[in-house]
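The values are calculated or read from the model by the stated rules, or taken from the named source; none is laboratory data. Bear in mind that the values here come from a model prediction, so they are computed numbers and not experimental data. No Cβ is skipped: glycine too gets one built from the backbone with ideal geometry, and neighbour counts run over all protein chains shown. Surface areas here come from the heavy atoms of the whole protein model, side chains and all, with no ligands, DNA or RNA. Shrake-Rupley method; radii C 1.70, N 1.55, O 1.52, S 1.80 Å.
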Amino acid sequence: MTQKPASRIVHLNGWPGTGKLTVGRLLARSLGARLIDNHTLLNPAEVLFARSNPLHASLRKQIRRAVFDHALHADPAESFVFTDALADDEHDGAMFSSYVDLAAARGADLVAVLLDCAPEENARRLISPGRSEALKLTDPAKLQQLRANYKLLRGLAEHTVEIDTTDLSPEQTAARIRTHIGV
């Protein structure tokens, strides 16, 4: 009989505005997990420095390292839901490896979830109320540029699922993820 991992790490990856945070909140609540939204890691640097300032990247890296370090030492039964917007390139692939390393060090099951939706729906969601106050991307032209120039990172974990959220509510999306991971 195979023993279930003591904890689970769910990584939600998708374009800005695909519903990662909303789905992440629902999923974390239903799993009894801690939610670490990518803006938890990004916003302190965003508040202090322009993205063009080298101190922005340096602070982001330090915050990320500290959070992952502390997550490593959290209660072994603790599960985590992370959100991210990682592209299929060498830099973001290396960033994803920190989730793989964290899961391995904790003896946790890593589930990679790719959330996407139709570009028109994505652009509509991008301008939802509250996004700019949370320092989230709200510029449809920038989103269009991202979607045209990059592909989302996918398939780097043993357990992966891809979900098109175009016609799904956040509750339906979270339910599909729970079904996939057997909860």
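Of the residues making up the range 68-94, those that are open to solvent by 40 Å² or more (accessible area, probe 1.4 Å) and under 17 Å from the mean Cα position of the chain (by Cα) are Ala85, Asp88, Asp89, His91, Ala94. Inside the range 31-49, residues that are open to solvent by 60 Å² or more (accessible area, probe 1.4 Å), part of a helix (DSSP H, G or I) and under 26 Å from Glu171 (Cβ atoms) make up a count of 1.
Taken over the range 138-183, the residue count meeting the criterion of being touching a residue at least 60 places away in the same chain (Cβ under 8 Å) and open to solvent by less than 50 Å² (accessible area, probe 1.4 Å) is 11. The helices (runs of 4 or more DSSP H) located wholly in the range 87-183 that include 2 or more residues which are under 26 Å from Phe49 (Cα atoms) and among the hydrophobic types (A, V, I, L, M, F, W, C) occupy 90-106, 140-149.
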